[in-house]
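Down below is the structure, laid out as C-alpha cells.
The values are calculated or read from the model by the stated rules, or taken from the named source; none is laboratory data. The model shown is predicted, which means the values in this text are computed figures rather than measured ones. All Cβ positions, glycine included, derive from the backbone under ideal geometry; neighbour counts span all protein chains shown. Ligands, DNA and RNA are stripped out before the accessible areas are found, and what is left, the full protein with its side chains, is counted by its heavy atoms. Shrake-Rupley method; radii C 1.70, N 1.55, O 1.52, S 1.80 Å.
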Amino acid sequence: MQSPSGSPSEAERPVIVWFRDDLRLCDNPALHAAASTGQRVLAVFIHDDVTPTIRKRGAAARWWLHHSLARLQAALDGQLLLLSGAAEPALLALATKTQASAVYWNRRYGQGERAVDASIKDKLKSDGVNARSFNGALLNEPWEVKSKVGTPMKVFTPYWRAARDRGEPPAPLPAPAALLCADWPEGLGIDLAALKLLPTQPDWSGEMQQVWQPGEEGARANLAAFLEGAIKNYGDNRNRPDRVSTSRLSPHLRFGEISPRQVWHATRSAFASGQAPAKEYDGEKFLTEIGWREFSYHLLYQFPQLANANFQRKFDAFPWSDDDKALRAWQRGMTGYPIVDAGMRQLWRTGWMHNRVRMVVGSFLVKHLLLDWRKGEDWFWDTLVDADPASNAASWQWVAGSGADAAPYFRIFAPVLQGEKFDPDGAYVRKYVPEIAKLPNKFLHAPWKAPHPELARAGITLGLTYPHPIVVHEEARVRALAAFKSISADAG
Ligand code: FAD
C-alpha cells in the first residue's frame, strides 16, 4: 500500500527494535510493543566498542555476549542484524535506509549510555521517526522509588521497604506470538564471528563452556532448576560456596536473557503452588537479593560516577598502597590464603564467584592489602561474566566502606575464619586450590599452621608449591584500622 506521494505508508515501514542488555524474546517490552504495531520488525544489535563515554565490556562478558547473540539470532530465525561501530550514526543511518517509522528499545542506566540514547531519541524525533524507550531491566525505574519526603534513598532497608510498598511488579509479557521480521538492505551487517568477541590466543573459555549455557533458554532452565532445588534453605545455604546454594542467574540477568519480573513472578508462583520445596523465608530472602540489584541501579542513577569515585568523599584521602606485586598475587589466586585463592581461581576459570567469597576477596584486597577498591572493580569487570555497571561498582564500594550503605570499616573479614565457617569441609578450596587438597581439614584454611610432617605428607613445600601468606592477618588488620582511622579523623 503506497501513500499518494509514492513513499511507503506507515504500515509498510518497519519498526526497529534495538537490542542491548535485553537479549530475550519473552517479557521484552520494546519487542512486544513493536510486534503489537502489526508492522514488520527489524531487530538489530550494535556492538559499540568505540563510543568513548561507554565502558567497554570485559573479556569474560564478551565471551558471554557472543554466545547470547548466537542464541538470540537462532531464536529469531537468523533475523537479527548485527552492526559494529558507534551506535548513534549506525542506528540513525539504519532508520533512514529502511525508512523505519519507529525505533524502540529498553532503557540502560549508565551515564554514557543514557546520553547516547537521549541524543539518538532527539535526532530520530526531529527526523519524524517515533522513538520510544521502555523499562525491560528493573522492577522499578531508579527514579520511581523515593523516601517519604520525595528524595532518593541511600540505605537499602528503607529503599526496599519503599519499593515493596509500590506493590507487586506487573506480570511478564509473553513473547510475540508471531513476529513479522523485516529484511535489511543487502550488504548491511556483519557476521557474529567478525565481532571478535571470543578469546583466541589463548582460548581460556574451556571451563566456562562447561559451566554455563548463555541465552534465554539457559536462563529459564537455571531458574527452574533453582526453584526446584537450591531455593530449599536458600536463606541459610546462600553463604556456602561449597554447595550449589544460589540461583547463578546473575549473568543471565546482566544480559537481560531473563527479566527480574519473570524471576519475581516465577518465584511467587512456585511458592503459591507449593512447588518450591522451601519456606516462605527462603523465597523472601531470594527476592531481597533481587532487591539489592535494584538498589544498585538506584545508586548508579543518583551517582553516575559509582565505578570511579568514592561515594563518601572522605575516602578521597585514603592512603592506598600501590603494591603491584600484591595486586598480581591477588589476581592470580596466589595470596597464600586458601579461601581467597580459591575464589580468585574460581573467577578466572568460570567467570563467576560465589557472593560470600566475593566479599572475602574484596575485603582482603582493600583491607589486608590496602589496594584501591577500583583496582578490584576493574579486575572483576574484566573477568566476571556477570560484570554489571551497577552491582559491581556498588558492591565494591560497599566492601571498601566508601559506599552509600557500606559495611562499617572495622568489619575486616578474617580469611581463615571465613573459610572455616563457610567451607567447613574444604570442598571449595580443594576444588580450586588442588595443590593443598591433601591437607587435613584442620589445616586446610591455614596451611602455614600445619606442622612440617603434615605438609610433607600432603606434598606441600610452602613458598614453592603454594605461597606463604603475603600478609600476616593480625598485622594487616592493625594497619587497615589505622588507615581508616586516618581518614575518619581527616573528615573531622
Ligand atoms: P543469587 O543469590 O541467586 O541472587 C539472585 C540475583 O540477585 C543475582 O543473580 C543478582 O542479580 C542479584 N544479587 C544477589 N546479590 C546481589 C548483590 N549483593 N548486589 C546486587 N545484586 C545482587 N553481581 C552482579 O550481578 N554483577 C557484578 O558485577 C557483581 N559484582 C560484585 C562485586 C563484589 C565485590 C561483590 C561483593 C558482589 C558483587 N555482585 C555482583 C553481587 C553478587 O555477588 C552476585 O550478584 C551473586 O553472587 C550472583 O550469584 P547468583 O546469581 O547465584 O545470586
Just the Cα atoms of the stretch 138-291, one point each, no solvent: what log10 I(q)/I(0) does Debye give at q = 0.11, 0.12, 0.16 Å⁻¹? -0.62, -0.72, -1.05
Summarise the long-distance tail of P(r) for the stretch 282-384 by giving the % of C-alpha pairs beyond 21 Å. 42
Expressed in nm to one decimal, what extension gain is obtained for the pair Arg411 and Asp191 from 0.36 nm per residue of sequence separation less their Cα-Cα distance? 74.3 nm
May I ask you to compute the full-extension gain from Glu10 to Ala272, defined as 0.36 nm times their residue separation minus their alpha-carbon distance, rounded to one decimal in nm? 89.8 nm
Surface accessible to a 1.4 Å probe, per residue, for the residues of the chain, Å²: 43
Pairwise FRET efficiency - Ala221 versus Ala437, Cβ, R0 = 25 Å, nearest 0.05: 0.20
Considering amide H positions built from the backbone, and no H for Pro or chain starts, which residues 5 or more places from Ala102, or on another chain, come under 5 Å of its amide H? Ile16, Asn130
Got a number for carbon plus sulfur as a percent of the stretch 41-172's accessible area, 1.4 Å probe? 53
The simple spin-label model distance between Asp378 and Tyr281, using points 7 Å out along Cα→Cβ, in nm, is 4.3
How big is the equivalent ellipsoid of the stretch 225-272 along its three axes, where each semi-axis is √(5λ) from the Cα gyration tensor, reported in whole Å from largest to smallest? 19, 15, 7
Per-residue ³J(HN,Hα) for the stretch 121-135, Karplus 6.51 cos²θ - 1.76 cosθ + 1.60, θ = phi - 60°, Hz, x for Gly and Pro: 4, 4, 5, 4, 4, 6, 8, x, 9, 6, 10, 9, 10, 9, 9
Beta carbons within 10 angstrom, averaged per residue: use that to sort the peptides 114-121, 37-44, 60-67, 48-55, highest first. 60-67, 37-44, 114-121, 48-55
Using Cα pairs under 8 angstrom and six or more residues apart, how large is the relative contact order of the chain, in percent? 16
What pairs in Lys232/Lys375; Lys367/Lys421; Lys154/Lys375; Lys325/Lys367; Lys314/Lys375; Lys146/Lys285 have C-alpha atoms more than 27 Å from each other? Lys232/Lys375
Using distinct alpha-carbon pairs, which all enter the 1/r mean, Kirkwood radius of the stretch 2-161 in Å: 17.3
Can you check what the Kirkwood hydrodynamic radius comes to for the stretch 328-410, Cα pairs only, in Å to one decimal? 12.4
Between the stretch 263-313 and the stretch 457-490, the alpha-carbon center distance in angstrom: 33
Extended-chain gain in nm, criterion 0.36 nm per residue less alpha-carbon gap, Leu464 and Lys485: 3.9 nm
Applying the gyration tensor rule to the Cα atoms of the stretch 345-469 (axes a ≥ b ≥ c; rounded if a/c under 1.5, else prolate if a/b exceeds b/c, else oblate), the class is prolate
Compute the convex hull volume of the Cα atoms of the stretch 171-257, divide it by the residue count, and report the result per residue in Å³ as a whole number. 157
Please list Phe364, Phe134 in order of solvent-accessible area, largest first, computed with a 1.4 Å probe with all protein chains present. Phe134, Phe364
Short version: what are the Cα gyration tensor semi-axes of the stretch 130-208, square root of 5 times each eigenvalue, largest first, in whole Å? 39, 24, 14
The chain: C-alpha pair distances exceeding 33 Å, %: 43
So, with a 1.4 angstrom probe, what is the percent of accessible area on the stretch 256-386 that is carbon and sulfur? 52
Rounded if a/c is under 1.5, else prolate if a/b beats b/c, else oblate: with a ≥ b ≥ c from the C-alpha gyration tensor eigenvalues square-rooted, which is the stretch 418-492? prolate
Sorted by chain and number, the residues with a modelled amide H under 5 Å from that of Phe134, at a separation of 5 or more or across chains, are Trp105, Asn106, Arg107
Any idea what Rg and Dmax come out to for the stretch 108-147 if you just take the C-alpha atoms, in Å? 12.3, 39
For the stretch 27-104, what ratio Rg/Rh do Cα atoms give with a Kirkwood hydrodynamic radius? 0.98
